[in-house]
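Colleague: Structure provided below as C-alpha cells; questions to follow.
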Amino acid sequence: MRSKLSLIHENAHLNTFHPNQLNWPKVSGTEELDFVSMMAFGETRHHEKAIAYLTKEFAQLAEIERHVSAVMAIVMAELQADGHPLAEGFELHNALSNFAAEELNHANMFYRYVRLLSGRDFRYPDNLFTERVGLYEGSDSPLVKLAALCCSAYIGESVITVFEHRTQAYDPERKFFLSQMLYAHGLDEARHIKTDHYVFDYVIPSLSVQETRRMRQILDATETLNTELAGRFERFTKAQFGIDYTEGNLGHSTQLLLTRMFRQKVFGGSEIHKVDEVLNEADRELIQAFAHAQVVHP
Ligand SMILES: [Fe+2]
Ligand SMILES: [Fe+2]
C-alpha cells in the first residue's frame, strides 16, 4: 500500500517546474490579454474584466495553497507521535513533503503572475488564515486532518484542472504564458490528485466512525471558511478594480457551477467519491463544451 505512494511521487523531481524556470514575460501584451479574455469570456475584447477576474482567482488560489502547505506541515509533525501503519516508513512523509512544497511554489508562482497581469501589488489582508489553520490545530488524529484537507483541496484542484484543459484546447502549442503556467501547475497537480485518491482509498476507510464524523466536521468548516474567503476576495477585487468582472463571464459562472457540482458529487453523500466516477451525462457535456475534455482527471 505504502509503495503506491512512492510510485506516485517517484518522478516528482523530474515532472515539475520551479517558478523561476518559467519564461516570464516583462508585461502581458495584447495577444496574451486577448487569450486571457477568450479563456474567461469566450471573446477577446474584455481585457480589463479578465485581468480583474484572474487576479482575484489566482490571488485566492495562492491563499488556499499556502493553507494546504501549512496544514500538511502540521500533519507531518503530528505523525511523529502516531502509530498508524500508513504512517510507517518514509513514504507518507515523502508524499506530503512534496505536496506541501509544490503548493508553496504554486503560491509563489501565482503571486508573481497576479503582479505581472494586473500591474498591481494586489494583497488581501483579511484572509482568515488563523481561523482556517485553527481548524487543524485540535487534538484530532493527523490522518483525520489529512483526510479533511485532501477532500477540500480536491475540489479546487479538479476545477483548475478543467481550466487547464480549456487552455490546452485553445492553445495546444502553449504559445501563451497563461497556458504555460497552468501546464507547469498541472504537472504537480496530477500527483496531488493521485495522492488525494490514495487518501480516499486507504486513509479514509481506516478511520473509525467517530474519526470519520470529525473529518466531516473539519471538512465542512473548511469549506464554509473557503466560501467566505471567496466572497471576500470577490468584493475586495470589485472595489479595487472598480468593475464587476463577473458580468457575462463564462469562466466565472462555469467555475461556480463546477465547484458546486464537484462538492455535491464528491462528498455530498455518505461516501467520498472520485470525481470522474460520479459525473453524469449532463455534467460531462458541460465539461466537454467548456474545456473540450472527456474527463476531469485523465
Ligand atoms: Fe497548486
Ligand atoms: Fe494541488
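Colleague: Got a number for residues in the stretch 201-243 being touching a residue at least 60 places away in the same chain (Cβ under 8 Å) and assigned to a loop (DSSP other than H, G, I, E, B)?
Modeller: Residues meeting the conditions: 2.
Colleague: Name the pairs whose Cβ atoms lie under 7 Å apart, with the first residue in the stretch 11-33 and over 21 Å from residue 43 (Cα atoms) and touching a residue at least 24 places away in the same chain (Cβ under 8 Å), the second among the basic types (Lys, Arg) and buried (at least 16 other Cβ atoms within 10 Å of the Cβ), and 6 or more positions between them or separate chains?
Modeller: 12/191; 19/112
Colleague: Could you tell me which of the residues 70, 81 is over 24 Å from residue 24 (Cβ atoms), in contact with a helix residue (DSSP H, G or I) (Cβ under 6 Å, 6 or more places away or on another chain), of a type in the set (Gly, Ala, Ser) and surrounded by fewer than 19 Cβ atoms within 10 Å (Cβ to Cβ)? Reasoning before the result, please.
Modeller: Numbers: 81 fails: in contact with a helix residue (DSSP H, G or I) (Cβ under 6 Å, 6 or more places away or on another chain).
It is 70.
Colleague: Considering only residues of the stretch 164-197 that are assigned to a helix (DSSP H, G or I) and charged (D, E, K, R), which is surrounded by the most Cβ atoms within 10 Å (Cβ to Cβ)?
Modeller: Step by step, filter the stretch 164-197, then rank; the result is 196.
Colleague: Quick test for you: out of 200, 176, pick the one residue that is more than 13 Å from the chain's Cα centre (by Cα), away from ligand 2 (no atom under 16 Å from the Cβ) and either among the hydrophobic types (A, V, I, L, M, F, W, C) or closer than 25 Å to residue 227 by Cα (or both).
Modeller: Numbers: 200 fails: away from ligand 2 (no atom under 16 Å from the Cβ).
So the residue among 200, 176 that is more than 13 Å from the chain's Cα centre (by Cα), away from ligand 2 (no atom under 16 Å from the Cβ) and either among the hydrophobic types (A, V, I, L, M, F, W, C) or closer than 25 Å to residue 227 by Cα (or both) is 176.
Colleague: Same structure again: Which residues, taken from the stretch 182-200, are hydrophobic (A, V, I, L, M, F, W, C), within 11 Å of ligand 1 (Cβ to nearest atom) and over 16 Å from residue 293 (Cβ atoms)?
Modeller: Result: 184, 187.
Colleague: Which of (1) under 23 Å from residue 67 (Cα atoms); (2) outside any helix (DSSP H, G or I) is the odd one out, the single condition residue 247 does not satisfy?
Modeller: In the conditions (1) under 23 Å from residue 67 (Cα atoms); (2) outside any helix (DSSP H, G or I), residue 247 misses (1) alone.
Colleague: Also, quick follow-up: Being assigned to a loop (DSSP other than H, G, I, E, B) and under 18 Å from residue 166 (Cβ atoms) is the requirement here; does residue 43 meet it?
Modeller: Against the criterion (assigned to a loop (DSSP other than H, G, I, E, B) and under 18 Å from residue 166 (Cβ atoms)), residue 43 qualifies.
Condition check ((1) within 16 Å of ligand 1 (Cβ to nearest atom); (2) small (Gly, Ala, Ser); (3) out of contact with any Phe, Trp or Tyr (no Cβ under 7 Å at 6 or more places or on another chain); (4) at pLDDT 95 or above) across all residues:
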{"residue": "18", "(1), (2), (3), (4)": "yes, no, yes, yes"}
{"residue": "54", "(1), (2), (3), (4)": "yes, no, yes, yes"}
{"residue": "65", "(1), (2), (3), (4)": "yes, no, yes, yes"}
{"residue": "70", "(1), (2), (3), (4)": "yes, yes, yes, yes"}
{"residue": "76", "(1), (2), (3), (4)": "no, no, yes, yes"}
{"residue": "86", "(1), (2), (3), (4)": "no, no, no, no"}
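Colleague: Could you grab the pairs with beta carbons closer than 7 Å, sequence gap of 6+ or different chains, first residue in the stretch 185-200 and hydrophobic (A, V, I, L, M, F, W, C), second one near ligand 2 (Cβ under 9 Å from one of its atoms)?
Modeller: Once the first residue is hydrophobic (A, V, I, L, M, F, W, C) and sits in the stretch 185-200, its partners that are near ligand 2 (Cβ under 9 Å from one of its atoms) give 193/157.
Colleague: Let me ask something else about it. Sort out which residues of the stretch 244-266 are basic (Lys, Arg) and free of Cβ contacts under 8 Å to residues at least 24 places away in the same chain, and write them in order of number. Give the steps one after another, and end with the answer.
Modeller: Start the filter on the stretch 244-266 by keeping residues that are basic (Lys, Arg), which leaves 260, 263, 265.
Result: 260, 265.
Colleague: Moving on. For residue 1, work out the one condition from (1) within 24 Å of residue 119 (Cβ to Cβ); (2) at pLDDT below 95; (3) aliphatic (A, V, I, L, M) it doesn't fulfil.
Modeller: With respect to (1) within 24 Å of residue 119 (Cβ to Cβ); (2) at pLDDT below 95; (3) aliphatic (A, V, I, L, M), residue 1 is out only on (1).
Colleague: Give the residue that is nearest to the chain's Cα centre (by Cα), with candidates limited to residues of the stretch 100-119 that are in a helix (DSSP H, G or I) and more than 15 Å from ligand 2 (Cβ to nearest atom).
Modeller: The initial filter retains those residues of the stretch 100-119 that are in a helix (DSSP H, G or I), namely 100-118.
Narrowing the set further to residues that are more than 15 Å from ligand 2 (Cβ to nearest atom) leaves 111-118.
Working: 111: 14, 112: 17, 113: 16, 114: 16, 115: 20, 116: 21, 117: 20, 118: 21 Å.
Filtering first and then ranking leaves 111.
Colleague: Here are some residues: 78, 57. Which one is over 22 Å from the mean Cα position of the chain (by Cα), among the acidic types (Asp, Glu) and away from ligand 2 (no atom under 14 Å from the Cβ)?
Modeller: 78
Colleague: Tell me which residues, restricted to the stretch 36-48, are surrounded by 19 or more Cβ atoms within 10 Å (Cβ to Cβ) and more than 22 Å from the chain's Cα centre (by Cα). Even if it seems obvious, please write down each step before you answer.
Modeller: Just the residues of the stretch 36-48 that are surrounded by 19 or more Cβ atoms within 10 Å (Cβ to Cβ), to begin with: 36-41, 46.
Of everything in the stretch 36-48, just one residue is surrounded by 19 or more Cβ atoms within 10 Å (Cβ to Cβ) and more than 22 Å from the chain's Cα centre (by Cα), namely 46.
The values are calculated or read from the model by the stated rules, or taken from the named source; none is laboratory data. Every value quoted in this text rests on a predicted model; they were computed, and no experiment measured them. With ideal geometry, Cβ positions are generated from the backbone for all residues, glycine too; neighbour counts draw on all protein chains shown.
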